[in-house]
Amino acid sequence: GENVEQHPSTLSVQEGDSAVIKCTYSDSASNYFPWYKQELGKRPQLIIDIRSNVGEKKDQRIAVTLNKTAKHFSLHITETQPEDSAVYFCAAHDQGGSEKLVFGKGTKLTVNP
Amino acid sequence: EPEVTQTPSHQVTQMGQEVILRCVPISNHLYFYWYRQILGQKVEFLVSFYNNEISEKSEIFDDQFSVERPDGSNFTLKIRSTKLEDSAMYFCASSVIGANEQFFGPGTRLTVL
């Protein structure tokens, strides 16, 4: 089955700096890759996703890149702000097969003012 | 914007007792899911439900677990005889058929004593 590895487990940056979180997946059939942001005690919220027919997607300060050959995808946050502090989870999904999302272990991002 | 809702927000129970966790998915969504998150760990898939039946379940979802859609709006997770290791945050999620964006509810924190 699918296995998703996520690094780093913790990341501390200064406000205004960029943050990058990386994930790898094992199942080449996976073709949908969402990123969730989870603030303490709250629900995971979908912040951006990418499908395997594109290599990059941007939404304001957030971007995701996908390398299907290497089976890895990354979340990039530019001009970080304190409110970006949260745990970020990557996930993988095989649209044509299993319905489940397989999550990485999460990255705790701290943005220091 | 419509959201997935869950009740209760926190459930405390004694080991061996039955619990029912309730969810109201987004109204036009047809796929429903339960995930759990043990404190400090990643989100894990339990079960998916479509067309009034389980479409996929994980190894975690053993005979002690069951799901039901008793009416047109609610989706429930029952744990028949709770164990200490069932203590976790349980998230309900839903998605529109043919799409993959899974939207999560706020979670129910289950504490088994």
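The values are calculated or read from the model by the stated rules, or taken from the named source; none is laboratory data. Given the structure is predicted, the values throughout are model-derived calculations rather than measurements. Here the Cβ positions follow ideal geometry from the backbone for every residue, glycine too, while neighbour counts run over all protein chains shown. With ligands, DNA and RNA removed, areas are computed over all heavy atoms of the protein, side chains included. Shrake-Rupley method; radii C 1.70, N 1.55, O 1.52, S 1.80 Å.
Observations on the structure shown:
- Candidate set from segment A:72-96 (those that are of a type outside the set (Gly, Ala, Ser) and in a loop (DSSP other than H, G, I, E, B)); member that is farthest from A:Thr10 (Cα to Cα): A:Gln95
- Number of the condition not met by B:Glu101 [criteria: (1) facing chain A (nearest Cβ under 9 Å); (2) acidic (Asp, Glu); (3) loosely packed, with under 13 Cβ neighbours inside 10 Å]: (3)
- Subset of segment A:1-18 that is within 14 Å of the chain's Cα centre (by Cα) and β-branched (Val, Ile, Thr) - its residue that is surrounded by the most Cβ atoms within 10 Å (Cβ to Cβ): A:Val4
- Selection count, segment A:15-38, where residues are in contact with a Ser or Thr (Cβ under 8 Å, 6 or more places away or on another chain) and not aromatic (Phe, Trp, Tyr): 11
- Segment A:72-84, subset surrounded by fewer than 22 Cβ atoms within 10 Å (Cβ to Cβ) and without any contact (Cβ under 8 Å) to a residue 60 or more places away in the chain, residue farthest from the other protein chains (Cβ to nearest Cβ): A:His76
- Subset of segment B:51-64 (residues that are open to solvent by 30 Å² or more (accessible area, probe 1.4 Å) and within 14 Å of another protein chain (Cβ to nearest Cβ)): B:Asn51, B:Glu53, B:Ile54, B:Ser55, B:Glu56, B:Lys57, B:Glu59, B:Ile60
- Of all residues in segment A:98-113, those satisfying the criterion of being farther than 17 Å from A:Leu75 by Cα and more than 10 Å from every other protein chain (Cβ to nearest Cβ) are A:Asn112, A:Pro113.
- Remark: pairs (first residue in segment A:40-56, without any contact (Cβ under 8 Å) to a residue 60 or more places away in the chain and within 15 Å of A:Leu109 (Cβ to Cβ); second residue among the polar types (S, T, N, Q) and surrounded by 18 or more Cβ atoms within 10 Å (Cβ to Cβ); Cβ separation under 6 Å; 6+ apart in sequence or on different chains) = A:Pro44/A:Gln38.
- From B:Ile20, B:Ile79, residue being open to solvent by less than 80 Å² (accessible area, probe 1.4 Å), in contact (Cβ under 8 Å) with a residue 40 or more places away in the chain and over 22 Å from A:Leu101 (Cβ atoms): B:Ile20
- Single residue of segment B:65-92 satisfying the filter (within 14 Å of chain A (Cβ to nearest Cβ) and within 19 Å of B:His10 (Cβ to Cβ)) that is farthest from the chain's Cα centre (by Cα): B:Ala88
- Residues of segment A:44-55 include at least one that is farther than 18 Å from B:Glu44 by Cβ, open to solvent by 60 Å² or more (accessible area, probe 1.4 Å) and either among the small types (Gly, Ala, Ser) or assigned to a loop (DSSP other than H, G, I, E, B) (or both).
- The residues of segment A:19-43 that are open to solvent by 70 Å² or more (accessible area, probe 1.4 Å) and under 18 Å from A:Asp84 (Cβ atoms), listed by number, are A:Lys22, A:Glu39, A:Leu40, A:Lys42.
- Looking only at segment B:1-17, and only at residues there that are within 11 Å of another protein chain (Cβ to nearest Cβ) and in a loop (DSSP other than H, G, I, E, B), the one that is farthest from A:Ser98 (Cα to Cα): B:Ser9
- Only one entry in A:Thr24, A:Thr69 is part of a strand (DSSP E or B), farther than 25 Å from B:Phe103 by Cβ, among the hydroxyl-bearing types (Ser, Thr, Tyr) and more than 11 Å from chain B (Cβ to nearest Cβ), namely A:Thr24.
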